[in-house]
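In what follows, a structure is listed as structure tokens, so that the remarks can point back to it.
Derivation of every value follows stated rules applied to the coordinates shown; laboratory data play no part. All values reported here derive from a predicted model rather than from experimental measurement. Note that we place each Cβ from the backbone using ideal geometry, even for glycine, and neighbour counts take in every protein chain shown.
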């Protein structure tokens, strides 16, 4: 039995932190997991910047609420869900993800949590489990699922390597160069073809 795992940002939605950077004029927040492979280093720097500039969780949520899905994302996920179970596996946070998941039709989502202080400033992040993406795929395989996983960034690579079939969707050139073993697609139509082929369906 097959199951599919997808990253959220870069696959179905634009990058949240880039949108926050554009709205707040904090240039350094444009750095994402597409650029920095050390997730904890990246998040600690982000929280430091938010604190320095007095940016609250509520302000970030308002920015996210105004974001739209990538063109074609909803139609694509609906197509996948008509064929096989879908889990969105993201290193984002439930406090960020909910407005975007609503637009996707509330797929199952594994993500993390944030902590805030009395002023609404994000003070810490709580990972569900270390290497959650990889461990999710490993657990699904232990339940005898065949896993098809799709992502775009450094923090997706462990998930793609653990999956039976890993796919890079619109990755940056640095990720392409470092991980040439994965098929690369830039359009949902081509991603459909690869998934349909793995499922043994007509392309």
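What order do you get for 102-110, 4-12 when each peptide is scored by the mean count of other beta carbon atoms within 10 Å, highest first? Walk me through the numbers on the way to the answer.
Working: 102-110: 14.8, 4-12: 25.6.
Top to bottom by mean Cβ count within 10 Å: 4-12, 102-110.
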Is the shape of region 139-194 rounded, prolate or oblate, going by the alpha carbon gyration tensor and its root eigenvalues a ≥ b ≥ c, with a/c under 1.5 for rounded and a/b larger than b/c for prolate? oblate
Additional length obtainable on full extension of the chain from residue 31 to residue 178, 0.36 nm per residue less Cα span: 51.1 nm
Mean Cβ neighbour count within 10 Å, used as a protection proxy, ranking 56-62, 166-172 highest first: 166-172, 56-62
Principal axis dimensions, region 17-65 - Cα atoms, whole angstrom, descending: 27, 19, 16
So residue 83 and residue 131, fully extended at 0.36 nm per residue minus their Cα-Cα distance, gain in nm 14.5 nm
Taking only Cα atoms, what is the 0 to 90° angle, nearest 10, from helix 39-53's long axis to the longest principal axis of the chain? 30 degrees
Region 17-65: relative contact order in percent, alpha carbon pairs under 8 Å with at least 6 residues between: 35 percent
For region 85-195, just say rounded, prolate or oblate: build the C-alpha gyration tensor, square-root its eigenvalues into a ≥ b ≥ c, call rounded for a/c under 1.5, and beyond that prolate if a/b exceeds b/c, oblate if not. prolate
Quick calc: nm separation of the 7 Å Cα→Cβ label points for residue 199 and residue 40 -> 3.8 nm
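Considering only DSSP beta bridges with both partners in the chain, what is the antiparallel share in %, to the nearest 5? If you can, show how the numbers build up before the last one.
Numbers: 4 of 24 bridges.
For the chain, the DSSP antiparallel bridge percentage is about 15.
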Contour minus end-to-end for residue 143 and residue 124, with contour as 0.36 nm per residue of separation and end-to-end as the Cα-Cα distance? 3.6 nm
Find the relative contact order for the chain and round it to a whole percent, using C-alpha pairs within less than 8 Å whose residues are 6+ positions apart. 25 percent
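Quick one: 159, 43, fewest Cβ neighbours within 10 Å first, how do they rank? Let's see the in-between values first.
Numbers: 159 25, 43 21.
Final ranking by Cβ density, sparse to dense: 43, 159.
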